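S.K.: Structure incoming, see below.
The values are calculated or read from the model by the stated rules, or taken from the named source; none is laboratory data. Model, not experiment: these values are computed from the prediction. Backbone-built Cβ (ideal geometry, glycine too); neighbour counts: all protein chains shown. Just so you know, the surface numbers come from the protein's heavy atoms only, side chains and all, with ligands and any DNA or RNA stripped out. Shrake-Rupley method; radii C 1.70, N 1.55, O 1.52, S 1.80 Å.
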2 protein chains.
Amino acid sequence: MPKDRISHNLRVLFNPASVAVVGASEKQDKLGYHVMSSLMTGKFARKIVPINPEAQKILGIKSFSSIAHVEGPIDMAIVVVPARFVPEIFEQCIGKEVKGIVLITAGFKEADDPQGTQLQNILADLVNRAGIPVIGPNTFGVVNLHQNLNASFTPELSWLRKGGVALVSQSGGISHLMAFMAMKSKIPVSKVIGLGNRLNIDFAEIVAYLMEDPHTRLIVLYLEGLDDPRELMRISRENLGKKPLIAFKSGSAKTADRISRSHTGSLAGKNEIYDGALRQSGILVVHTMEALLDLAQALCSCPLPRGNRVGILSAQAGPGMVACDVCEQEGLEIVRFSDQTHRVINDILPPIVHRSNPVDMGPVFSDPASTAAIIRAVLKDENVDSIVLITLFASANRDVLEGLGDHLLEWKQKKPVISSLISPPGIWDEQIDLLEKAEVLTNFPTPERAARVMAHLWQYKKLSSASPA
Amino acid sequence: MPKDRISHNLRVLFNPASVAVVGASEKQDKLGYHVMSSLMTGKFARKIVPINPEAQKILGIKSFSSIAHVEGPIDMAIVVVPARFVPEIFEQCIGKEVKGIVLITAGFKEADDPQGTQLQNILADLVNRAGIPVIGPNTFGVVNLHQNLNASFTPELSWLRKGGVALVSQSGGISHLMAFMAMKSKIPVSKVIGLGNRLNIDFAEIVAYLMEDPHTRLIVLYLEGLDDPRELMRISRENLGKKPLIAFKSGSAKTADRISRSHTGSLAGKNEIYDGALRQSGILVVHTMEALLDLAQALCSCPLPRGNRVGILSAQAGPGMVACDVCEQEGLEIVRFSDQTHRVINDILPPIVHRSNPVDMGPVFSDPASTAAIIRAVLKDENVDSIVLITLFASANRDVLEGLGDHLLEWKQKKPVISSLISPPGIWDEQIDLLEKAEVLTNFPTPERAARVMAHLWQYKKLSSASPA
């Protein structure tokens, strides 16, 4: 397989000048309709060519009976016809010198039928010789927000905020889950990629591509099983420290292990072994989808902590204690502040509250200036690598976020501030959005999630700065 | 201490005919202003009496210089004056035959100062002799949504949806956290209660009261430490199976353990010991605030599963696998369906997908009738105690929830259906809200949270049906 050609063509696949939809349709019960709709909803500004044996036009765009009959070149083909027609379509794509294919059709290696595997092998043979990368089969597609390219069957994926996070999954369902979670948390996304049954583009190839992709700053993986974990680990190690690489792996249950073969055509394998091996290669594996997306959100906007010494500042004691528990469980140190920091805090807070780490800022919880003074003192403290900042709204402290951004600004590249600023719906939402856009803090809906993500930032920092094995 | 009188008076405290605010103010930097505002925002329809040595009127209501000067009886006093004035205020309350006190003021037992403890002991002596229950000191207050009584310093707590869940915490910050999480998840709440430093009303007393409260169906506790865990356990055992009692306990970390005394005046204690002891008495302890509120949400609207045998039905294979992992980790069995169920499913789904448990409903993911037929078959299956139902939105399956409620209706009292139906913001929200209001399913934002809550429902079922020790 001509690897260089495939990797060059992968760049074209994500940045095509022209896209053909083989199996385009106007019938809403056909995925070919939804793919056309995605390209148009996404406002893809380049050439869209529907291919359908019968139609003259589809959604107002001139249609062709075969890709062979299209005038001019076609960079990318999205294929959404029944499995038995796919080999012929692939031959036509090769004849047309298509650079990349997204194969949405299912029913290949994952089918409970040896013919499916045979068919997939035939396809692999064809495209590997031609040097054509194929995303799929059995994929929902790919989205490249930086090209307004929504080559999937879900137009709503174009609602994502454009940015630096690449979401890669072998399950289309999980791709959708990650994308909808990203929408909710306003995580800025570069690409959503469903690898499906990985004809010739597996995690290793896609990670290698994304490491070079100028729009991607951070790579998020959902794994079930890997045919060749060593290749992914090699690519990861080669790029250690270049861009964060974080993953969630399902398949811990015995049932999941059993069905993984049927779903994606690969063994899920022992999770503990994967965990350790992936971590060694610089991929941080976390253990829930929520933790995965939370970490992605923080990595987008926070510097990494230099060490594990956290300061916990909370406007209310209880939530601070809860954060404290999680920090310790996950390997952070609730550090002792310097004497200078203690002097500042003791000047501000009366002795009725806990004034060493974690700090109970209760007595000044409605006073922005005193709150900011405590935060500043702790950020300045050489003993402290990061801050978890917690405030629950009460009507008396409605204005406590005023001016907070200004105080945090000089620290935005230096020490991460993860917050859990929580109000009833609608009260602090805009202010928090502004603070997050300014990248001076990253906010989470519970103190536990804030604390956990800080621990994960530190774990990632350790992984990524380890010298390669 | 006259326990009977205290417990009778506790009912009056939550259902007062008249409320005095000692320390009421028109100054927005005083908590006394926010307490007045809470009573008025909450639309408390009975008598409100501001007490302030200087004012004639506060927020338009006639004010008195002392509670002693008020004409007619006062059922409840909310006290928000500095600590040193509190003994005198308590004497006046006793003189006035007040039935219950909410003591918001801080600076007693939790203060790093022996005078605080001494002051608290003096107060306890006074009110215990008089048989007056005191919520606090160092509390944000209490809210009884069924009386429109917001006796707290946070008016926005009146935004909660009225219903059957009592939220009890010794930390005001955590009370706010739980309340805001409940707002977000639309959990219907009966009362929000901040116990603070528990002068004479501790968890045991409040749980005993709530077990008799006709508006409360479910009790949620946030614990840091307990002075007398045995009393709470006794009350819990006495009421085993009457109303679900669920808890989260902080203080696992060594730091939290150390500061617990200073914050709430009691030792946090070894968490594992608490966990086991509380579970034995019928209180289910879960390990994150999110899990606690998720379980509360499910217990509001779901029947308990008769056993641990779950069916996992997912419109996409990957999210089904993730749910499967969590179910197995948490002690549920991914059960084998009956032959009859298999026949129904095999008639609907082609062999290219996984058709035994967990079921990959991918091929019919846009077809409401086929989806409903699979769900019905699995609900009917005698081998199955519960269903986890998962569907990620894609534009092709936009209408798949149509009519789902009708199919689930006959099962609403029989088998729990926990779902994770997930769309981009705004698409399925209304439909899901209707399904939840009809109590035919309970929905969560990730498959993992849906699976975890099902496991917790089963764990609670086991606890609550065990014969008392």
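S.K.: Given the conditions (1) more than 14 Å from chain B (Cβ to nearest Cβ); (2) under 25 Å from the mean Cα position of the chain (by Cα), and given that A:Gly72 satisfies all but one, which numbered condition is not satisfied?
M.R.: Only one criterion is unmet by A:Gly72, namely (2).
S.K.: Oh, and also: What do you reckon, is A:Arg376 over 26 Å from B:Gly141 (Cα atoms) and more than 13 Å from chain B (Cβ to nearest Cβ)?
M.R.: The answer is yes for A:Arg376.
S.K.: Residues of the range A:1-18 being within 18 Å of A:Gly194 (Cβ to Cβ) and either within 14 Å of another protein chain (Cβ to nearest Cβ) or among the hydroxyl-bearing types (Ser, Thr, Tyr) (or both), which ones?
M.R.: none
S.K.: Being open to solvent by 10 Å² or more (accessible area, probe 1.4 Å) and outside any loop (DSSP other than H, G, I, E, B), is that true of even one residue in the range A:101-112?
M.R.: No: the range A:101-112 contains no residue that is open to solvent by 10 Å² or more (accessible area, probe 1.4 Å) and outside any loop (DSSP other than H, G, I, E, B).
S.K.: Considering the range A:301-338 alone, what residues qualify as being open to solvent by less than 10 Å² (accessible area, probe 1.4 Å), within 9 Å of chain B (Cβ to nearest Cβ) and part of a loop (DSSP other than H, G, I, E, B)?
M.R.: A:Ala315
S.K.: Name, by its number, the condition in (1) modelled with pLDDT under 95; (2) more than 14 Å from chain A (Cβ to nearest Cβ) that does not hold for B:Leu223.
M.R.: Evaluating B:Leu223 over (1) modelled with pLDDT under 95; (2) more than 14 Å from chain A (Cβ to nearest Cβ) leaves (2) as the failure.
S.K.: A follow-up question, please. Being closer than 30 Å to A:Gly362 by Cα, modelled with pLDDT under 95 and open to solvent by 10 Å² or more (accessible area, probe 1.4 Å): is that true of B:Glu54 here?
M.R.: Yes: the conditions hold for B:Glu54.
S.K.: Residues of the range A:67-82 being open to solvent by 20 Å² or more (accessible area, probe 1.4 Å) and at negative phi, which ones?
M.R.: Of everything in the range A:67-82, those that are open to solvent by 20 Å² or more (accessible area, probe 1.4 Å) and at negative phi turn out to be A:Ala68, A:His69, A:Glu71, A:Pro73, A:Asp75, A:Val80, A:Val81, A:Pro82.
S.K.: Which number in (1) farther than 27 Å from A:Lys162 by Cα; (2) of a type outside the set (A, V, I, L, M); (3) modelled with pLDDT under 95 marks the one condition that A:Glu88 misses?
M.R.: For A:Glu88, the exception is condition (3).
S.K.: Name, by its number, the condition in (1) more than 18 Å from B:Glu156 (Cβ to Cβ); (2) at pLDDT 95 or above; (3) part of a loop (DSSP other than H, G, I, E, B); (4) not aliphatic (A, V, I, L, M) that does not hold for B:Phe44.
M.R.: Every listed condition holds for B:Phe44 apart from (1).
S.K.: Looking only at the range B:244-294, filter to residues that are open to solvent by 40 Å² or more (accessible area, probe 1.4 Å), at pLDDT 75 or above and within 13 Å of chain A (Cβ to nearest Cβ); which one of those is nearest to B:Ala466 (Cα to Cα)?
M.R.: Only one residue tops the list, namely B:His287.
S.K.: Output the number of the condition that B:His146 fails; it satisfies all remaining conditions of (1) closer than 28 Å to B:Leu295 by Cα; (2) buried (at least 21 other Cβ atoms within 10 Å of the Cβ).
M.R.: (2)
S.K.: Follow-up. Considering only the range B:340-348, I want to know if a residue exists there that is open to solvent by less than 30 Å² (accessible area, probe 1.4 Å) and at pLDDT below 95.
M.R.: no
S.K.: Quick one: is B:Val98 of a type in the set (A, V, I, L, M, F, W, C), closer than 30 Å to A:Val364 by Cβ and surrounded by 16 or more Cβ atoms within 10 Å (Cβ to Cβ)?
M.R.: So B:Val98 does not fit the description; no.
S.K.: In addition: Counting only residues that are free of Cβ contacts under 8 Å to residues at least 24 places away in the same chain and assigned to a helix (DSSP H, G or I), which one in the range B:392-439 is least open to solvent (accessible area, probe 1.4 Å)?
M.R.: Here the residue is B:Ser395.
S.K.: Please count how many residues of the range A:343-373 are farther than 20 Å from A:Val417 by Cβ, in a helix (DSSP H, G or I) and not polar (S, T, N, Q).
M.R.: So the count comes out to 3.
S.K.: Residue by residue through the range A:205-243, note down the ones that are open to solvent by 10 Å² or more (accessible area, probe 1.4 Å) and aliphatic (A, V, I, L, M).
M.R.: Those that are open to solvent by 10 Å² or more (accessible area, probe 1.4 Å) and aliphatic (A, V, I, L, M): A:Ala208, A:Leu226, A:Met233, A:Ile235, A:Leu240.
S.K.: Okay, moving on. Return only the number of the condition from (1) in contact with a Pro (Cβ under 7 Å, 6 or more places away or on another chain); (2) farther than 22 Å from A:Glu91 by Cβ that A:Glu26 does not satisfy.
M.R.: In the conditions (1) in contact with a Pro (Cβ under 7 Å, 6 or more places away or on another chain); (2) farther than 22 Å from A:Glu91 by Cβ, A:Glu26 misses (1) alone.
S.K.: Condition first: more than 33 Å from the chain's Cα centre (by Cα) and in contact (Cβ under 8 Å) with a residue 24 or more places away in the chain. Can you find one or more residues in the range B:37-52 that meet it?
M.R.: Checking the range B:37-52: at least one residue is more than 33 Å from the chain's Cα centre (by Cα) and in contact (Cβ under 8 Å) with a residue 24 or more places away in the chain.
S.K.: Then there's this: For the range B:379-388, does any single residue satisfy the condition of being β-branched (Val, Ile, Thr), outside any strand (DSSP E or B) and under 28 Å from the mean Cα position of the chain (by Cα)?
M.R.: No, the range B:379-388 contains no residue that is β-branched (Val, Ile, Thr), outside any strand (DSSP E or B) and under 28 Å from the mean Cα position of the chain (by Cα).
S.K.: State yes or no: is B:Asp75 in contact with a strand residue (DSSP E or B) (Cβ under 8 Å, 6 or more places away or on another chain), within 18 Å of B:Ile135 (Cα to Cα) and of a type in the set (Asp, Glu)?
M.R.: On the way: in contact with a strand residue (DSSP E or B) (Cβ under 8 Å, 6 or more places away or on another chain): yes; within 18 Å of B:Ile135 (Cα to Cα): yes; of a type in the set (Asp, Glu): yes.
Criteria met by B:Asp75.
S.K.: Also, I was wondering about something else. Among B:Val21, B:Val35, which is the only one that is away from chain A (no Cβ under 14 Å) and open to solvent by less than 10 Å² (accessible area, probe 1.4 Å)?
M.R.: Just a single option satisfies the conditions, and that option is B:Val21.
S.K.: Which condition from (1) under 28 Å from the mean Cα position of the chain (by Cα); (2) modelled with pLDDT under 95 is the one that A:Ile352 breaks?
M.R.: (1)
S.K.: Considering each of B:Phe108, B:Phe153 in turn, give the residue that is more than 22 Å from the chain's Cα centre (by Cα) and of a type in the set (Phe, Trp, Tyr).
M.R.: Just one listed residue meets the conditions, B:Phe108.
S.K.: While we're here: Just give me the residues in the range B:298-337 being touching a residue at least 24 places away in the same chain (Cβ under 8 Å) and of a type in the set (Gly, Ala, Ser), in sequence order.
M.R.: Across the range B:298-337, the qualifying residues are B:Ala298, B:Ser301, B:Gly307, B:Gly311, B:Ser314, B:Ala315, B:Ala317, B:Gly320, B:Ala323, B:Gly331.
S.K.: Checking the condition of a type in the set (S, T, N, Q) and without any contact (Cβ under 8 Å) to a residue 40 or more places away in the chain, which residue from A:Asn138, A:Asn148, A:Asn144, A:Asn121 passes?
M.R.: Checking each option against the conditions leaves just A:Asn121.
S.K.: For the range B:271-293, give me the residue count where each residue is part of a helix (DSSP H, G or I) and either in contact with a Cys (Cβ under 9 Å, 6 or more places away or on another chain) or touching a residue at least 40 places away in the same chain (Cβ under 8 Å) (or both).
M.R.: 10
S.K.: Being more than 14 Å from chain A (Cβ to nearest Cβ), open to solvent by 60 Å² or more (accessible area, probe 1.4 Å) and aromatic (Phe, Trp, Tyr) narrows it down to one residue among B:Phe64, B:Phe90, B:Phe85, B:Phe44; which is it? Give the steps one after another, and end with the answer.
M.R.: On the way: B:Phe64 fails: open to solvent by 60 Å² or more (accessible area, probe 1.4 Å); B:Phe90 fails: open to solvent by 60 Å² or more (accessible area, probe 1.4 Å); B:Phe44 fails: open to solvent by 60 Å² or more (accessible area, probe 1.4 Å).
Only one candidate qualifies: B:Phe85.
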